[in-house]
Amino acid sequence: MTVPIRVVVIEDHPLMLKAVLEELASQPGIQVVGTAEHGSKLPRLVRETSPDVVILDLGMSGGNFEPISSVRSLLQEHPNVRILVLTGYDDDVYIHQIVDAGASGYVLKSDDFSLMLPKGVRKVYEGKTFFSEEVVDKLWGKQKIEAAV
């Protein structure tokens, strides 16, 4: 029997959190080991649960949470943790900044993430990157099209 991929989910919307947890619970080989409703709880939760992958929402209501510096700090302290962003933010500058900070993947909530989230968790766990198609277009746009021709 293989060891499951240990996942922490940081999501402040209860309905979205429920959907993510239900989707991951149906996946063999993925185990959610912790959740939090705010990014400020991320460092403590990672220390306490030792996840392989963190699914991180970027838009947190209340409190002060700065995702880019938080991702950098987390990865400095826990370099083996992989960050998979699941968010509604699709601004290309912001996407570039969070990827430059060390996020391994970026999935938009507007996508059918149920089709992508388990695959994304597995890919980033393997040390690869994972981006939804709209994010790929924003990051590489014309370069991707030229490379495909």
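The values are calculated or read from the model by the stated rules, or taken from the named source; none is laboratory data. These figures come from a predicted structure and were not determined experimentally. Here the Cβ positions follow ideal geometry from the backbone for every residue, glycine too, while neighbour counts run over all protein chains shown. When the accessible area is computed, the model is the full protein with side chains, heavy atoms only, and any ligands, DNA or RNA have been set aside. Shrake-Rupley method; radii C 1.70, N 1.55, O 1.52, S 1.80 Å.
Heavy-atom surface analysis with a 1.4 Å probe gives segment 29-118 a carbon and sulfur content of 45 percent of its accessible area.
The charge dipole of segment 1-54, taken about the Cα centre with unit charges on the Cβ atoms of Lys, Arg (+1) and Asp, Glu (-1), comes to about 200 debye, rounded to the nearest 20. With the cut-off at under 13 Å, measuring from each backbone N in segment 67-93 to a point 7 Å along the Cα-to-Cβ line of HIS13 picks out 86-90.
Specify the inter-centroid distance of segment 51-105 and segment 8-36, based on alpha-carbon positions, in whole Å. After rounding, the separation between the Cα centres reads 17 Å. Across ARG44, ARG82, ARG72, mean-square fluctuation computed from a Gaussian network of the chain (C-alpha pairs under 10 Å connected) peaks at ARG44.
Residues considered: SER73, SER26, SER104. Largest GNM mean-square fluctuation over the chain, using C-alpha springs under 10 Å, is found at SER26.
Close amide H contacts of GLU66 (hydrogens built in the peptide plane, cut-off under 5 Å, sequence separation of 5 or more or a different chain): none are found. Straightening the chain between ASN80 and LEU21 buys 19.0 nm, computed as 0.36 nm per residue apart minus the Cα-Cα spacing. Once backbone amide H atoms are built at 1.01 Å from N, TYR106 has VAL85, PHE130, PHE131, SER132 as its partners under 5 Å, excluding neighbours fewer than 5 places away on the same chain. Computed on the Cα trace of the chain, the radius of gyration divided by the Kirkwood hydrodynamic radius gives Rg/Rh = 0.95. Note on the chain: Lys pairs 8 or more places apart or on different chains, Cα atoms under 30 Å apart, count 27. Under a 10 Å cutoff between Cα atoms, tell me which one of GLY88, GLY120, GLY105 has the largest fluctuation in the Gaussian network model of the chain. Answer for the Gaussian network model of the chain: GLY88.
Using a probe of 1.4 angstrom and keeping all protein chains present, the accessible surface of the chain works out to 53 square angstrom per residue. Gain on full extension, evaluated as 0.36 nm per residue between SER110 and THR49 minus their Cα-Cα distance, stands at 19.1 nm.
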